[in-house]
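Heads up: the structure comes next, in structure tokens.
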Amino acid sequence: KGLTQVTAKWHQERMDRLGVEDLYDPYGSILVCADYLDELLGIGEKKGYGRSIEYALMRYNMATDTANSMYARGEISGYAKKIVKRAAEYQEEKEKWESVYDLEKIMEDMMTRKQATVLAKSIGSGYLLDKIK
């Protein structure tokens, strides 16, 4: 159900512990999903896989025995590959937007500094001109 396709049948105890009543609520769905993925990362770590996101995603998406046997053979499911690839794309997109935001802030600072310089010159304030630099 919901954004992360969590099945209440298998995660009711988790939902109760986290106070999630509605899996169609995006916040609740993501909260349950994140908690479950953290658990799966821990299971992978105990199995000697480290905190493998690929293993956790395979366990999230398929039968436990199937995920375990595939991962033990060094196979990664198409689903896990797709999600990891999409996460990398989101990260790249986020970094681009952060760069745009940083550039906008620099431009705002430059405009503010320019406006302050014009003002300081117009009122003949050497003190303000020194502070602006």
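A compact table of results
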{"quantity": "For Ala116, net neighbour charge (Lys/Arg +1, Asp/Glu -1) across residues whose Cβ lies under 11 Å away", "calculated": "+4"}
{"quantity": "With every protein chain in place, the chain: carbon and sulfur % of accessible area (1.4 Å)", "calculated": "56 percent"}
{"quantity": "Accessible area (Å², 1.4 Å probe, nearest 10) - Tyr101", "calculated": "130 Å²"}
{"quantity": "Relative contact order for the chain, counting Cα pairs under 8 Å that sit 6 or more residues apart, in percent", "calculated": "12 percent"}
{"quantity": "Ser125 accessible area, 1.4 Å probe, all protein chains in place, Å² to nearest 10", "calculated": "20 Å²"}
{"quantity": "Three-way shape label, the chain, alpha-carbon gyration tensor, a/c 1.5", "calculated": "prolate"}
{"quantity": "Lysine pair number, Cα distance threshold 23 Å (strictly under), the range 1-129, separation 8 or more or different chains", "calculated": "14"}
{"quantity": "Under 19 Å from the Tyr79 label point (7 Å along Cα→beta-carbon), backbone N, the range 35-50", "calculated": "35-45"}
{"quantity": "Full-stretch length increase - Tyr101, Arg113 - with 0.36 nm per residue and alpha-carbon distance subtracted", "calculated": "2.5 nm"}
{"quantity": "Sites Thr7 and Glu89 - FRET efficiency at Förster radius 35 Å, r taken between beta-carbons, to 0.05", "calculated": "0.80"}
{"quantity": "Helix axis angle, 78-123 relative to the chain longest principal axis, alpha carbon, degrees", "calculated": "10 degrees"}
{"quantity": "Where Thr4, Thr112 fall by accessible area, highest first, once all protein chains stay in place (1.4 Å)", "calculated": "Thr112, Thr4"}
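The values are calculated or read from the model by the stated rules, or taken from the named source; none is laboratory data. Keep in mind that this is a model prediction, so the values were computed, not measured. When we count neighbours, we look across all protein chains shown, and the Cβ atoms used for this are built from the backbone with ideal geometry, even at glycine. Calculation scope for accessible area: heavy atoms of the full protein, side chains included, ligands and nucleic acids excluded. Shrake-Rupley method; radii C 1.70, N 1.55, O 1.52, S 1.80 Å.
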